[in-house]
Amino acid sequence: MTATDAPDSARPRHDAGLRRGFRDGGLAGLPFLVVAIPFGMLFGAVATESGLDLLSTMAMTSIVIAGASQFAFLQLMNDGAPAFAAFGAALAVNLRMAMYSASLAPHLGAAPLRWRLMLAYFNVDQVYAASIARYQDRPAMGLWEKIGFYLGVAAPIFPAWIGGTLAGALVGRGIPPEWSLDFAPAVTFIAVFAPMLRSLAALAACAVSVAAALALSVLPWSLGLPIAGALGMAAGAGAELWLERRAARHAAADAAGDEGSAVDGAGA
Amino acid sequence: MSALDGPQFWIAIVALGLATYLVRLSFLGLVGGSTLPPWALRLLRYVPVAVLPALVAPMVVWPAASGGETDPVRLAAGAAALLVGALARNLLAAVGAGMGTLYAMQAVLA
């Protein structure tokens, strides 16, 4: 913002997009509080029960900011595994985020580097999922509105996760298991991706990745997840290509049967 | 306890945070403003519908709350969220359908 010598007229427009996106994103992030608060509390409680002091618990939750890998790390340390093994296992759980990063690149890659360095910190499941759903839904969104939306989704989720951890560390689990909030992450992720299943290719990607994830769940350290994701992506892209080629063949066949319009249509 | 408060713990935590950050940054940092080739964009379009279902499938089929045993209530709740999400295209409606089915079936079967 400081180094650019953009004309004054450009500044308000970028700020307006950022603000509008942030407001929409903040609303889109609210439903994820049903996940972030109870799981933050659960992590805080489990961490203190494992003998972690408050400072270590809060440092871990703020530096790592990745629930599943934090639980994996704690469990391995509790089982007496060496620190480097706990590190490796917890990092493997986070490899899917490289796919999120790649998926966000076409949308946010045009942002200045220092913005991207900041955005990367917030690249967690919920922020990624809600943002990419909106970007695919509204292709006309500008860069700054996309950035604003992304940060807006993170705005309620990050304080809720960190605050939830603090509450859990201080007062314990808090939320009774009878509320079955253990299932809230699964339901919210399904709710995000289900509306995106609007083509045969998307359905193929989903079906292949689910089958692969279940079949590969025997692999250690959640390594089946990135592999299943890659297989699903390949299935989706392959199906899209096949459907496009088939449509093109049909169009060519139609054009051949209709000599008059073939001259105009052939180039496309 | 000893493993959880020594310098080893802090080194591991900082290393995990840094490595996780670099994974999050990876493509976003490297690709920058350059335009990706069409084949890459084609693959990347399917990241959400491939990775999110892969993340969820084991949670639905082998939920931790039942010790990894398949739970018909959670299967039905997942199916309800999927169906309503795909048809209504509304996140809150899908979350409501999923958790609502879960609570209703738990109440009936209890």
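The numbers here are math on the coordinates, done by the rules we state, and not lab data. None of the values given here were measured: they were computed from a predicted structure. Cβ placement follows ideal geometry from the backbone for every residue including glycine, while neighbour counts extend to all protein chains displayed.
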Exercise for the section: Would you kindly derive the ³J(HN,Hα) couplings of region A:46-59 from the backbone phi angles with the Karplus curve 6.51 cos²θ - 1.76 cosθ + 1.60 (θ = phi - 60°), listing them in order in whole Hz, with x for Gly and Pro? Expected result: 5, 5, 5, 4, 7, x, 6, 7, 4, 4, 5, 4, 6, 5
Practice task
Go through region B:1-95 and name the trypsin sites (Lys or Arg not before Pro) that are in a DSSP coil and have 12 or fewer other Cβ atoms within 10 Å of their Cβ.
Solution key: none
Completion exercise
The Rg/Rh figure for region B:8-73, Cα atoms and Kirkwood Rh, to two decimals is 1.16
Completion exercise
Percent relative contact order for chain A, counting Cα pairs under 8 Å at least six residues apart, stands at 29 percent
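Would you mind calculating the relative contact order of chain B from Cα pairs under 8 angstrom and at least 6 residues apart, reporting the percent as a whole number?
Contact order relative to length: 14 percent.
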Practice task
For chain A, take the alpha-carbon Rg, divide it by the Kirkwood Rh, and send me Rg/Rh.
Solution key: 1.07
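Relative contact order, percent, of region A:117-226 when contacts are C-alpha pairs under 8 Å separated by at least 6 residues?
24 percent
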Exercise for the section: Could you work out which residue, out of B:Val84, B:Val56, B:Val14, moves most in a Gaussian network model of chain B, that is, has the largest mean-square fluctuation with Cα springs under 10 Å? Expected result: B:Val14
Exercise for the section: For region A:171-256, state which trypsin sites (Lys or Arg not before Pro) are in a DSSP loop and have at most 16 other beta carbons lying within 10 Å of their beta carbon. Expected result: A:Arg173, A:Arg198
Problem - Computed FRET value (nearest 0.05) for B:Ala107 with A:Ala167, which takes r as the C-beta separation and R₀ as 30 Å - result: 0.60
Problem - Phi-based couplings in Hz for region A:94-111 (Karplus 6.51, -1.76, 1.60; Gly and Pro marked x) - result: 8, 4, 4, 5, 5, 5, 4, 4, 5, 5, 7, 3, x, 8, 10, x, 6, 5
Handout entry: Positive-pole candidate from A:Ala110, A:Pro220, A:Val208, dipole of region A:101-226, charges at beta carbon
Key = A:Ala110
Problem - Ranked packing of B:15-22, A:101-108, most packed first, by mean Cβ within 10 Å - result: A:101-108, B:15-22
Completion exercise
Longest principal axis of chain B (C-alpha) makes with the long axis of helix B:72-88 (C-alpha) an angle, in degrees to the nearest 10, of 80 degrees
Fill in the blank from the handout: For chain B, longest principal axis from Cα atoms; helix B:47-61 axis from its Cα atoms; angle between them, nearest 10 degrees, is 50 degrees
Exercise for the section: Identify the chymotrypsin sites (Phe, Trp or Tyr not before Pro) of region A:135-172 meeting these criteria: DSSP loop state and at most 14 other C-beta atoms within 10 Å of the C-beta. Expected result: none
